[in-house]
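*Asks:* Submitted below is the structure of interest, expressed as structure tokens.
The values are calculated or read from the model by the stated rules, or taken from the named source; none is laboratory data. Owing to the predicted nature of the structure, the values given are computational and were not obtained by experimental measurement. Virtual Cβ from ideal backbone geometry, glycine too; neighbours counted across all protein chains shown. Ligands, DNA and RNA are excluded from the accessible area calculation, which covers all protein heavy atoms including side chains. Shrake-Rupley method; radii C 1.70, N 1.55, O 1.52, S 1.80 Å.
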Amino acid sequence: MSALSEEQSLQIRPIKEHIGAEVTGVDLTQPVDKATRQALNDAVIDNVALVIRDQHFTPAQFAVAAELFGELMPDQIKSNLVEGLPMVSILSNFEKDSMGNQAKVPKNATWHTDHTNKERPPNYTFLYAVEIPEKGGGTSVVNMNAAYEALPAATRAKIDTMKTANVKISSSRLKSANRDVLAEQIALGEPPVIHPLVRTHPERGTKAIWFHTGKTENIEGMDPTETQEFLGNLLKESAKPEFAYTHEWKLGDLLIVDNRSALHKAGSDYDMSQHRKLYRTMVRGDRPY
Ligand code: OGA
Ligand code: MN
């Protein structure tokens, strides 16, 4: 085969009407020209979730690939970082907690967006699978702009002005919380960060319902119990299957989520005795409005 016929060209194909696109024909360990970079940036925003196939990354190459989309930001949980790479964390179901026990509960398995307890949460989250279970354990992403637009006007008007108070671990999650993270939250004594429940996409002007189920202590004017009930109902009403895409992992997949118009969650439908290991990094964002 000649070198020319081996060379692939960039292809971006939509996955579903409301969410997802699949990219082939690009190797992000190699230099990427300006047009390709722009096409990938547009594709993640327009499709909310972007799957780039057949990447062969070391953790450092994974971080460099993510930098095509902006400046990386550190994970607030420092216990699972790749050694020597403060911007890349390891998500693993085999990780031990502070007591030395293997966590039995699946992590990140409820709808959320990352680091909402920060004033400037990440624009994008990048996930790259290095070990995957035989089946299940996909990552789901839902287009919360489409979900918002499909709501009745009265519901939209009601939620438009709501504000969330965001902490590392909300009171509803205290019992199941990782003790290290909880200790850190108490030690820091950080006041909750207030964000809009419905945020505007700074590059598109669109609106999306945006929160972290386990980090929302309360919606302003509601108590924590009412808040969880309200958010649960809102999700039922809005985060419909037609707006969601579950990415069933193949090795070599890079998944990029535009956090400004999405919620996501990890699948818990797999054999927990099998190892599920992903690298994660994030690109810095601005204050939601
Ligand atoms: C996370 C997360 C998704 C996954 O770590 O915040 O959402 O599929 N992970 O593991
Ligand atoms: Mn997440």
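*Asks:* Any chance region 117-124 includes a residue that's open to solvent by 70 Å² or more (accessible area, probe 1.4 Å), away from ligand 2 (no atom under 14 Å from the Cβ) and in contact with an Asp or Glu (Cβ under 7 Å, 6 or more places away or on another chain)?
*Replies:* Checked region 117-124: at least one residue is open to solvent by 70 Å² or more (accessible area, probe 1.4 Å), away from ligand 2 (no atom under 14 Å from the Cβ) and in contact with an Asp or Glu (Cβ under 7 Å, 6 or more places away or on another chain).
*Asks:* Could you go through region 21-39 and let me know if any residue there is of a type in the set (Val, Ile, Thr), within 18 Å of SER140 (Cα to Cα) and over 18 Å from the mean Cα position of the chain (by Cα).
*Replies:* yes
*Asks:* Out of (1) of a type in the set (Val, Ile, Thr); (2) part of a strand (DSSP E or B); (3) surrounded by fewer than 17 Cβ atoms within 10 Å (Cβ to Cβ), what's the single condition that is false for ILE186?
*Replies:* (2)
*Asks:* Out of ASP180, ASP223, report the one residue that is open to solvent by 10 Å² or more (accessible area, probe 1.4 Å), modelled with pLDDT of 95 or more and of a type in the set (Asp, Glu).
*Replies:* When all the criteria are applied, what remains is ASP223.
*Asks:* In addition: Give me the pairs: first residue in region 108-119 and touching a residue at least 40 places away in the same chain (Cβ under 8 Å), second residue near ligand 1 (Cβ under 9 Å from one of its atoms) and among the charged types (D, E, K, R), beta-carbon distance under 7 Å, and six or more apart or on different chains, which are they?
*Replies:* That search, which allows pairs on different chains as well, returns ASN108/LYS265; ALA109/LYS265; THR110/LYS265; TRP111/LYS265; HIS112/LYS265.
*Asks:* Do you know which of the residues in region 252-271 that are outside any strand (DSSP E or B) and away from ligand 1 (no atom under 13 Å from the Cβ) is farthest from the chain's Cα centre (by Cα)?
*Replies:* Among them, the one singled out is ASP271.
*Asks:* Do we find a residue being acidic (Asp, Glu) and open to solvent by less than 30 Å² (accessible area, probe 1.4 Å) anywhere in region 267-285?
*Replies:* Within region 267-285 (the criterion being acidic (Asp, Glu) and open to solvent by less than 30 Å² (accessible area, probe 1.4 Å)), the answer is no, since none of the residues qualifies.
*Asks:* Related question: Could you list, in sequence order, all residues of region 45-74 that are open to solvent by 10 Å² or more (accessible area, probe 1.4 Å) and assigned to a loop (DSSP other than H, G, I, E, B)?
*Replies:* ARG53, ASP54, HIS56, PHE57, THR58, GLY70, GLU71, PRO74
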